[in-house]
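Working notes, beginning with the structure itself.
The values are calculated or read from the model by the stated rules, or taken from the named source; none is laboratory data. What you see is a predicted model, and the numbers here were worked out from it, not measured in a lab. As a convention, Cβ positions derive from the backbone with ideal geometry for all residues, glycine included, and neighbour counts pool all protein chains shown. These area figures cover heavy atoms from the full protein model, side chains too; ligands, DNA and RNA do not enter into them. Shrake-Rupley method; radii C 1.70, N 1.55, O 1.52, S 1.80 Å.
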Amino acid sequence: MEFLMKICLLFLCGLISHFVNMFFQKRDQQCYMLGYECFKASDDRRLDTDACVKVVLRNKNLGLDQYRFLLKTIVSSGLGEETYGPRNVIDGREEFPSENDAHAEMDEIMFSTLDTLFEKTGVSPSEIDILIVDVSLFSPAPSLTSRIINRYKMRDNIKSFSLSGMGCSASMVAIDMVQQLFKTYKNQFAIVVSTESIARHWYCGKEKSMMLSNCLFRNGGCSILLTNKRDLKDRCLLKLKCAVRTNIGYDDEAYGCCIQVEDPQGYQGFLLTKSLTKAAAKAFTGNLKLLLPKILPVWELLRYAISTLGKKSTKGQNLSFNLNLKSGVDHFCLHPGGRAVIDGLGKSLGLSEYDLEPTRMALYRFGNTSAGGLWYVLSYMEAKKRLKKGDKIFMVSLGAGFMCNNCVWEVMKDGLEDTRVWEGCIDEYPRKNLVNPFTEKYSWINDECLNFVRLDDQFN
């Protein structure tokens with residue numbers, strides 16, 4: 001009997017030890033955000049109405065039909081007058097960009113945001129253990145991670161990764177990578193740099209489905225500092241609660257709806273097809289099936305299950321129908337891909353205009369900055385003093401592949417009010433009137449009389 005008691009006691013001690021180890025191991029695997037910095041170009045890089053018209057008129061491949069399409073697209077895009085374009089496009093060299101143009105574009109975004117990030121956080125470049133750079137359309141040799149390591153003379157044992165081809169959702173892929181690495185390596189600092197190369201990829205052809213990218217994508221990017229050091233917990237802004245990645249590249253239609261190709265004239269560009277909406281809905285719904293049980297309270301999931309009990313699912317029915325997402329989420333940080341994207345996500349999630357305001361304003365002020373776009377939305381929330389300790393932020397990203405990568409952050413402290421890239425203009429937002437000036441200045445282009453008139457002199 002005494003021997004049996006000893007065996008039971010040993011088993012109980014082992015079980016307790018196992019759970020204690022699991023607790024401390026999980027505690028060391030947390031992913032905290034120490035800081036982030038978004039890129040803001042100089043004012044001479046602004047693509048306002050007049051600058052956009054100059055770029056359009058330089059393209060001699062375009063005719064009246066393309067002009068009308070561009071007018072309709074720009075007016076409905078959701079972009080304002082203060083977005084930023086690449087230097088070579090502003091200077092009129094978009095048709096023949098050089099390697100130097102691409103490197104100069106990347107250097108300005110990466111180094112300016114990193115310089116500010118290191119200065120504000122007090123973390124030295126030599127302390128960085130993990131470095132991830134995600135740029136979809138520019139993958140030089142040496143890599144962009146090596147370029148950063150060389151610039152800041154980082155350690156020789158740094159774990160560096162360069163991600164390409166993942167489009168607007170690449171930043172969430174990088175964040176998830178850091179989280180996975182933190183499970184293996186303790187007491188780490190990680191840097192994620194998210195941006196996109198526009199300089200070498202401005203489309204100069206006449207295919208409408210490839211001209212869309214010129215109307216939406218603008219210069220921007222962000223550098224983020226992450227850590228799993230528990231002693232820095234009180235300094236952190238956010239804590240990553242969960243992340244879910246979904247890739248439906250097995251679907252041929254979804255794979256080809258957002259893809260880099262060459263048009264019949266030999267011009268390279270980014271093709272956006274009508275299947276994009278369908279692919280986004282499929283990827284998003286699949287992602288929500290995995291994510292929502294992780295973030296919503298049990299009682300809300302039970303309520304949803306009971307309310308749908310016995311009902312036959314309808315084809316195309318959205319998973320979030322009848323679900324109260326605000327029972328587990330306080331803020332919605334959506335990918336600012338365009339007005340149609342924001343409207344679609346807002347409708348699917350049942351969001352109010354107040355919920356969509358940060359995304360709409362980020363799109364209006366900075367445009368679609370690809371993988372860096374989410375951080376401009378987050379910065380708007382912070383600048384508007386919306387974030388309180390304990391709040392949950394739901395980040396939604398969509399990108400080529402086709403992928404939907406989402407995550408949820410928890411705000412770690414009160415008093416987050418750094419205006420960052422919104423400094424000097426945050427009080428002007430939200431803008432009540434988001435009508436693009438193109439409507440007033442160039443609506444005459446839709447006049448049917450112009451079908452019989454040369455347009456060469458009409459823009460002068």
> Taking only Cα atoms, what is the 0 to 90° angle, nearest 10, from helix 373-383's long axis to the longest principal axis of the chain?
Replying inline: 70 degrees
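From the protein chains alone at 1.4 Å, what is the descending order of accessible area for Phe69, Phe118, largest first?
Accessible-area ranking of Phe69, Phe118, largest first: Phe69, Phe118.
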>> Suppose accessible area is computed on protein heavy atoms with a 1.4 Å probe; arrange Asp156, Asp414, Asp391 from highest to lowest.
In response: Asp156, Asp414, Asp391
>> Leaving out ligands, DNA and RNA, and with a 1.4 Å probe, what % of the accessible surface on the chain is carbon or sulfur?
In response: 54 percent
> Over 25 Å between Cα atoms, which of Lys159/Lys388; Lys208/Lys278; Lys326/Lys413; Lys72/Lys206; Lys241/Lys389 qualify?
Replying inline: Lys159/Lys388
>> Can you order the peptides 175-188, 354-367 by their average number of other Cβ atoms within 10 Å per residue, highest first?
In response: 354-367, 175-188
> Using unit Cβ charges (K, R positive; D, E negative) and no other charged atoms, how large, in debye to the nearest 20, is the dipole of the chain about its Cα centre?
Replying inline: 1800 debye
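Where Lys and Arg each count +1 and Asp and Glu each count -1, what net charge lies around Leu271 among other residues with Cβ under 12 Å from its Cβ?
Surrounding charge for Leu271 is -1.
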>> With semi-axes √(5λ) of the Cα gyration tensor in Å as the read-out, I listed (i) 48, 27, 19; (ii) 42, 27, 20; (iii) 29, 26, 24; which label goes with the value calculated from this structure?
In response: (ii)
> What list of ³J(HN,Hα) values in whole Hz, one per residue of the stretch 150-163 in order, does the Karplus curve 6.51 cos²θ - 1.76 cosθ + 1.60 (θ = phi - 60°) give from phi, with Gly and Pro shown as x?
Replying inline: 5, 5, 9, 6, 6, 5, 7, 9, 5, 8, 10, 9, 10, 9
> Of Trp409, Trp202, which has the most accessible area with a 1.4 Å probe, and how do the rest follow in descending order?
Replying inline: Trp202, Trp409
> Once both labels are modelled 7 Å past Cα along the beta-carbon direction, what's the Lys278-Asn187 spacing in nm?
Replying inline: 5.5 nm
> Which whole-number value in Å³ per residue fits the convex hull of the alpha carbons of the stretch 117-192?
Replying inline: 98 Å³
>> Need the C-alpha centroid separation for the stretch 266-294 versus the stretch 417-442, integer Å.
In response: 28 Å
